[in-house]
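The values are calculated or read from the model by the stated rules, or taken from the named source; none is laboratory data. Bear in mind the structure is a predicted one, so any value in this text is a computation, not a measurement. Heads up, the Cβs are rebuilt from the backbone with ideal geometry, glycines too, and the neighbour counts pull from every protein chain shown. SASA here: full protein model, heavy atoms, side chains in, ligands and nucleic acids out. Shrake-Rupley method; radii C 1.70, N 1.55, O 1.52, S 1.80 Å.
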Amino acid sequence: QGIAQILWPRHCVQETWGARLADALDTRHIRRVFPKGTDPGLDSYSGFFDNGYARATGLGDFLRLAGVDEVYVLGLASEYCVKHTAQDARKLGFHTFLISDGCRGVEREPGDIERAIEEMRQAGVIILTGNALQARLSGKELEPQHIAESKHLQLVRRAGWEFVQRRHAGGVVALVAVTDDERLL
């Protein structure tokens, strides 16, 4: 296919124990499973596409038809399947969140996992911990979510507010917009 590939040990082979969902997993709410990696000649890291973008799994269309606009990604391996799935979710226009403590990486080279997380962040993926996700879903966000950043500024979301902050500043400046009759915009 003309795409550099890594020869991985056999894993998650269809119809084997390695591809089964964990017995302890509550599967009552799973509506559909989207197979990936079905072409033995081409890797498929993303849950949305094969590595050559020749075939889609159908996940993106399924989510859109269901009215989904947020995708939460976790799993194995941080710098391969997780990263590619998160980046493709962003490319497809989904608000995408990485649950960082729900991931594990391969770390073939030192720093691979950190670089992958930074690449996801640069693609607009919001990095959360499981605790921050629980707080977000309950409306009690504990940690700021970094939406985007440049050399000096970060766009941050916290407790439903989005704001810009300096990356390495110790002080705070707040600008509040109000109408002539002193209503908060």
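A few notes on this one:
- Filter result (open to solvent by 30 Å² or more (accessible area, probe 1.4 Å), assigned to a loop (DSSP other than H, G, I, E, B) and not acidic (Asp, Glu)) within the stretch 61-86: 66, 67, 68
- Within the stretch 1-60, restricting attention to residues that are in contact with a Gly (Cβ under 6 Å, 6 or more places away or on another chain) and over 23 Å from residue 98 (Cβ atoms), the residue that is most open to solvent (accessible area, probe 1.4 Å) is 1.
- Any hit, the stretch 92-111, residues being open to solvent by 40 Å² or more (accessible area, probe 1.4 Å) and in a helix (DSSP H, G or I): no
- Lone qualifier among 123, 89, 148, 132 - being surrounded by 13 or more Cβ atoms within 10 Å (Cβ to Cβ), farther than 24 Å from residue 6 by Cα, out of contact with any Asp or Glu (no Cβ under 7 Å at 6 or more places or on another chain) and among the aliphatic types (A, V, I, L, M): 148
- Unmet criterion (only one of (1) at pLDDT 95 or above; (2) more than 14 Å from the chain's Cα centre (by Cα); (3) aliphatic (A, V, I, L, M)) for residue 54: (1)
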